[in-house]
Structure formats: C-alpha cells, structure tokens
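Heads up, the thing below is written out as structure tokens.
The values are calculated or read from the model by the stated rules, or taken from the named source; none is laboratory data. Owing to the predicted nature of the structure, the values given are computational and were not obtained by experimental measurement. A quick note on method: Cβ atoms are made from the backbone with ideal geometry, for glycine too, and the neighbour counts reach across all protein chains shown.
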Amino acid sequence: MKTILKALYILVMAAATIWTYSVPDANAFQKPGMARVFLWHFPPSVIGTFLMMFGTWFALRAVVDVRTGSWMRAQTDPVQRAEFDLKSLACIEIGYIFFVLTMVTGIMFSYLQWGDWWSWDPRQTSFLIVLLIYAAYFALRFAYSDESKKATFGAGYALLAFLPGMFLTFVFPRLPQIKELSLHPSDSITGGGIKGQYAQCVILLLVLFAILTVYLYRLRVRAGMMELEMERNNGKLENNGGDPAPTGVVRRITVSEQD
Amino acid sequence: MNSNWQTEIKAVFLKEWRTEMRSLSGILTSLLFSVVTVYAIGFAALSTKLHGTVIAGMLWVALLFSASSSLTRSFLVEEEQGTADLLRLVARPHAVFWGKALFNIFQNLVTSVILSVLYLGFTAATVTMPWLFVVSLVAGCLSLTGAVTLCGAIAAQAANRSMLSAAISVPLLLPLVALGVSGMRISLGDGSWASGGMASVVGLIGYATATLATGPYIFAAVWKS
Amino acid sequence: MLKVDRLGKKYSGRWIFRGLSFELGLGDRLVILGRNGSGKSTLLKTLSGLTERTEGTITFPEGDLRHVLGLSALEQSVYAQLTVAEHLQLTADLRSCPARVDELLQFIELGYAKDVPAGQLSTGMKARLRMAMAIQAKPKLLLLDEPGAGLDEAGRNLVDKITSEQAQRGCLIVATNDPLERRLATLELQLAD
C-alpha cells in the first residue's frame, strides 16, 4: 500500500512539474516565460516558514514543563526535553532545506527578471539574514558534544531566534521605506495577482510539498527516536565504551576508626 | 518583585560591578575597541563628507561588534574562571540574568555614548533630531544587551565559546541594526520622521521589551541542570 | 533525607555510572572512593544538579535547594577580585540567609584574612573559604569533593569538625581518592574505574 502511495506521489509530482512548464507566461514580468520560477519559489518559502514556527513550538515544549509551567531546567524531564528537541530539530532541518530552495530560486528569479544574481534587494538580504540565524543554530549544536547540552542550548537558541526570524519574514519587508526600495513583489498573493492556472499550480505544489514535508519529518523523528532509544536501552550497540559502568553498591563500614 | 528578588539582583549586580571595577579589563577593552573603530572609520573616510545613512550604518556596525565582543564576556568569564558553579548553586536564574543584564546595560550605555560622541565628532555629522538619536541609541543598547547576554549564556559552556557567542549573536542582532540605522539616519537629517522614523522607534522599543521580557525565561531554561 | 534511585550519567556516549541507588538518613556519612577519572566528582556534580543526570531520580530533603544543599568542590573557583567577607555576603544575599560572616570566619580560622581579595589566598585558604560558603546556610545535605586536598593538619581537623557538625543536622557525602578520609565515613561507595 505504502509503495503504491509513494509511486502515486512521484507520478503526481512529475505531472505537476510538467504543468509548471505549460502554464501561460506571466506577461507582467520582464521575461514572462521565466516568471514560472515563482512556482518553485513560493511553496518552499511557505512550508519552510511553517516548519520554523513548528520548530519553535517544539523548542518551547522542550524547555517548559507543561504540567507545572516551569521553565527551570532542573524541573523539566531530560527525556521529554530530548524528544521535543528532536522534533524541533527535525522541523528546523527540513525547514532549512526549503529555505535554501527558496533562496536558490529567488537568486535565479533575481537574475532572470532584475538582471543580477544578487542585487541587494532588501527582501533578498533580509532572507539571507534568516538563513544566517538558522545556520548559527546548527553551528551551536555542533559546538556541544554532550547530547543534553545540544538539546537544552539548541532549544534555547531556537526560541531566541524566533522573534528576529519572524520580524525579518513578516514585518521588515512590509515597512514602507523597505517596500519602496524593494523590487520583490509583496502583495501578489494577498492582492489577487496570482490567478487561473498559476494559482492552481501553486496550490498543487503547496500540497505536494506539504505531503513531502510530513513524510520527511516522520522519517527524521523516527530515526532520531530510535537513536535515543538505543542510547537509553542498549549501550552495547555503541562502538566505544558504550557498556554501562558497573553499578557501585553503598555498604556500611563496620570498622572505620582504625583506618 | 519582593525584597528578596531585589537583594538577590543587587547582589549579582554588585558582584559584577566590583569584579569589573577592580580589574577594569572588560570596560577598558570595550572603550579601546570603540576608540580604535572610530579612528579607523575616520581614517578610511579621510575628509569625505559622509551621508547620514552611511554614518548611521557604520556607527551601528561599531555598536554591534563592541557589544557582541564585550557583553558576552559576563558568562564566558564565569565559565573560564570556574566560578559559574558557585552562582548556579546559590542563585536563582532570574536574579543572575537581571543582575548581569543590568550591569551589561550600564556598561553598554557608557561605551555607546562615548563611541557615539567620538564618532559624531570625527565625522563632523550634524544631529538634526537629537531626541530620536538618543531614543535609537538607548533602545538599541537595551535590545543589544538583552540578546547578547543570552547568547553569552547559551555559548558559555562550549569549547570555542568566544567565537561561538559572536557567531550566534551577530545574525540575531542584524534586524536590530536595520531598525537602529533606520531611526538614526533620520536623526542625522537623512529622511523624515514620516518615512520610517516612527516605525523604527516602535520597532526598537518593541524589540527591547520583547528581549528583556522573555530573556529571563529562556535563561532559566538553559542556565542550570 | 536523600534518596537516589537508579541514577545514571552518560557523557559523550559513555556511561560514567549507571543504576546507582542509595538512601541516606540523619547522621549518615557516605564516602565515595575511586581512582582518578572514576566519576566521583561527576557523581557529586550530578547530585548537586550542576550536571544533568541522564536517568534516574534524586529526592532531596524538603526545602529550598539553596538552603538544603551545600557543595565544596576542588574545581570550584572563587572570585579573585572579591574579598573573603564579600564572598560570604554575596552567597548569603543570593541564598536569602544570614551571612554570619564573623562567626564563619572564626570557625574556619580565617578571621585575619577577612578583607583580603580571594585572588591573594593560598590553596588551603581558598578551600576553607569554599567550605565556609558550603555550610553557611546550615544545609541538611553537604557534599565535599576532596576536602583534604591542599589542607594542612589544622585544615584537616577543620574538615573533621565540619563533618561531625554536619552529622548532627543532616547527612554528608565525601568524594575522595585518599583512603585516610574513610575515617569520616559510616558508609562507603567504591566506584569502578
């Protein structure tokens, strides 16, 4: 059944890809035929943004004990923190891939329509900062070797990154002075600029990307959970020194004064 | 806030004050950094009359790097000298955050004011809206301090803590720099209050409030196991 | 007073200790023995909450942990620029407990160094200051890591005095690789290498 669903997904994705080439040219652009890059630019940006939001939510769950409402690290369960951090990490990792795809297609669009690979457009620049913020998240995780520190500090940084990330995504591009300077269209969707086959194709790709995201997320979380479970219950599977240390036993000293 | 909190925050602030004022290493390094930066910019610009946006941009870059190099120290030093465990044992996280953040705000304000005065003098810039300049500077300092103090705490236990704290704090602060530049360039006569001045002031104050309001909670989550 | 149940700590893929369970009551003095690197200090740090446990539970005596728990560890540093008295005032303010500066200084025989910056103290004097800060709030559970290290005979007598006073009000755990310090104990735990 799963194989059939996967095959069906690949077929629909192939059909959607062909469709992106057959939609009519967008005449409002300098190179109307090339404007269809948008179809591969917009859906990943939406999915990526949602993933970063979910990543922040799971990071919050990792550091806050919902039963007590406590933020104190000592009062939260390390096992629960590791599991929520894994979900947060999965969202941010997959979201980052979509963000990179958004940036790459954005650069292509910039070259095709505005004449330069990188034109320091405020929207392009602010999105690069978002990429840098989340790149720092990965750098932070690499800097710690202890898994519990990775989880704690990773989740803390994900929370800290949320506000600047959202500001750069939603507020900054809509500031009047930025809107004036930017070549990037900012109200194509809300202003009803995307119509007909373009709109249908965007919706189809959004759905297909969303399905892919759910699949990748579940796969990543399942692999991570297995790793956590293996660490907890089967130290022997580790290569080096994974065996549990022999347990010491507390015993009462009967003769102590003579020592 | 009850009297215990006040006593605890005051104790951390006093500890920071005494250790800093008796060694002067952080504040002197920060001031030296400011003077050298201002001199370097003045030297690079030579006698060119700089545009308001360029002046504001360069000043904010100097403020950003001055803050990210000096303010992260407050936690890095505790880990390097092995005193962090003493604080973890006896202090509540909110008291540590606020005590250190208040001292960092003081240190950052002093450095920023000196840096700005020197900078404006060197570049011969005219401030047309002084109140907007002051609001941008103060709200910027508050936001910078909140975010950088937290980044210091997050990076403090890593092996490459100094580089890491700068690497994670600078991208987070870039939106703040954008807001700060936007407000400051108007105060330097480049643009009008209506063309973004209002948005940047609201943004800076909002950023400062959000950072300092959420900071103690995020700090409590990462400070002690 | 203290209940430890199946405590385990894993670091970088290696278990330092695992499945450790014990209970301490009033007057119990546990000494943890083991060679360098056997995990004694990690166990004390885990018990004090400075290092996160990987699994298991620790139940402390009732009350604010800042008052209930005292720790003096060899690797714990003091602020070089603060004086001895300022250290005691700082820890008291942060714990919201009486500072007892003069009383404690007299107890640890460091009254003459009250206004000396900690950076100018000898190793033994710093150890005494750490112990004073650890017992300041009269904790029910006192953890001492290598308490005899760097101390002269008078210093070791002070450790004996602290441990017997602690046994009156609660319990004590000492981590050491010095077999002589078994004299402090009523219970022992030998950690494997």
request  = Kindly state which helices (runs of 4 or more DSSP H) lie completely within the range C:26-107 and contain at least 3 residues that are without any contact (Cβ under 8 Å) to a residue 60 or more places away in the chain.
outcome  = C:40-48, C:84-95, C:101-107
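Considering every residue within the range B:97-117, establish whether at least one is closer than 16 Å to B:THR53 by Cα, aliphatic (A, V, I, L, M) and modelled with pLDDT under 90.
Initially, the range B:97-117 is screened for residues closer than 16 Å to B:THR53 by Cα, giving B:116.
Okay, now just the ones that are also aliphatic (A, V, I, L, M), so none.
Within the range B:97-117, none of the residues are closer than 16 Å to B:THR53 by Cα, aliphatic (A, V, I, L, M) and modelled with pLDDT under 90.
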message = Being part of a strand (DSSP E or B), among the hydrophobic types (A, V, I, L, M, F, W, C) and either modelled with pLDDT under 90 or in contact with a His (Cβ under 7 Å, 6 or more places away or on another chain) (or both) is true for just one of C:LEU180, C:LEU189. Which residue is that?
response = C:LEU189
request  = Of the conditions (1) hydroxyl-bearing (Ser, Thr, Tyr); (2) surrounded by 16 or more Cβ atoms within 10 Å (Cβ to Cβ); (3) in a helix (DSSP H, G or I), C:SER164 clears all except one; give me its number.
outcome  = (2)
remark   = B:LEU174 vs (1) farther than 26 Å from A:SER70 by Cβ; (2) over 14 Å from the mean Cα position of the chain (by Cα): all pass except (2)
task = Just need a number here: residues in the range C:42-95 that are of a type in the set (S, T, N, Q), touching a helix residue (DSSP H, G or I) at 6+ places or on another chain (Cβ under 6 Å) and at pLDDT 90 or above.
result = 4
query = Out of (1) farther than 24 Å from B:GLN81 by Cβ; (2) at pLDDT 90 or above, the odd one out for C:ARG156 is which?
reply = (2)
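Checking the structure you have, find out if any residue of the range B:196-204 is more than 14 Å from the chain's Cα centre (by Cα), within 11 Å of another protein chain (Cβ to nearest Cβ), of a type in the set (Gly, Ala, Ser) and farther than 24 Å from A:LEU160 by Cβ. Before you say what the answer is, go through the steps one by one.
Step one: filter the range B:196-204 for residues more than 14 Å from the chain's Cα centre (by Cα), giving B:196-203.
When the remaining residues are screened for being within 11 Å of another protein chain (Cβ to nearest Cβ), the result is B:196-200, B:202-203.
Then keep just the ones that are of a type in the set (Gly, Ala, Ser); that gives B:196-197, B:199-200, B:203.
Subset that is farther than 24 Å from A:LEU160 by Cβ: B:196-197.
Among the residues of the range B:196-204, at least one is more than 14 Å from the chain's Cα centre (by Cα), within 11 Å of another protein chain (Cβ to nearest Cβ), of a type in the set (Gly, Ala, Ser) and farther than 24 Å from A:LEU160 by Cβ, which makes the answer yes.
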request  = Test B:ALA153 against the criterion of being over 15 Å from B:LEU59 (Cβ atoms), within 14 Å of chain C (Cβ to nearest Cβ) and part of a helix (DSSP H, G or I), and give yes or no.
outcome  = no
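Residue by residue, here is whether (1) part of a helix (DSSP H, G or I); (2) within 14 Å of chain A (Cβ to nearest Cβ); (3) surrounded by fewer than 23 Cβ atoms within 10 Å (Cβ to Cβ); (4) in contact (Cβ under 8 Å) with a residue 24 or more places away in the chain holds:
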| site | (1), (2), (3), (4) |
| --- | --- |
| B:ALA95 | yes, yes, no, yes |
| B:ALA139 | yes, no, no, yes |
| B:VAL148 | yes, yes, no, yes |
| B:ALA194 | yes, yes, yes, no |
ask   = Limited to the range C:139-163, what total is found for residues that are in contact (Cβ under 8 Å) with a residue 40 or more places away in the chain and either among the hydroxyl-bearing types (Ser, Thr, Tyr) or in contact with a strand residue (DSSP E or B) (Cβ under 9 Å, 6 or more places away or on another chain) (or both)?
value = 11
inquiry  = So, in the range A:127-176, exactly how many residues are within 19 Å of B:SER182 (Cβ to Cβ), surrounded by fewer than 18 Cβ atoms within 10 Å (Cβ to Cβ) and at the interface with another protein chain (Cβ under 9 Å from one of its Cβ atoms)?
reply    = 2
task = Only residues that are aromatic (Phe, Trp, Tyr) and touching a residue at least 12 places away in the same chain (Cβ under 8 Å): list them for the range B:23-79, please.
result = B:PHE33, B:TYR39, B:TRP60, B:PHE65, B:PHE75
ask   = Applying the selection to the range B:9-34, what residues are more than 23 Å from B:LEU89 (Cβ to Cβ), more than 15 Å from the chain's Cα centre (by Cα) and either crowded, with 21+ Cβ neighbours inside 10 Å or of a type in the set (A, V, I, L, M) (or both)?
value = B:MET21, B:LEU24, B:LEU28, B:LEU32
request  = From the list B:SER162, B:SER169, pick out the single residue that is hydroxyl-bearing (Ser, Thr, Tyr), surrounded by fewer than 24 Cβ atoms within 10 Å (Cβ to Cβ) and under 24 Å from A:LEU131 (Cβ atoms).
outcome  = B:SER162
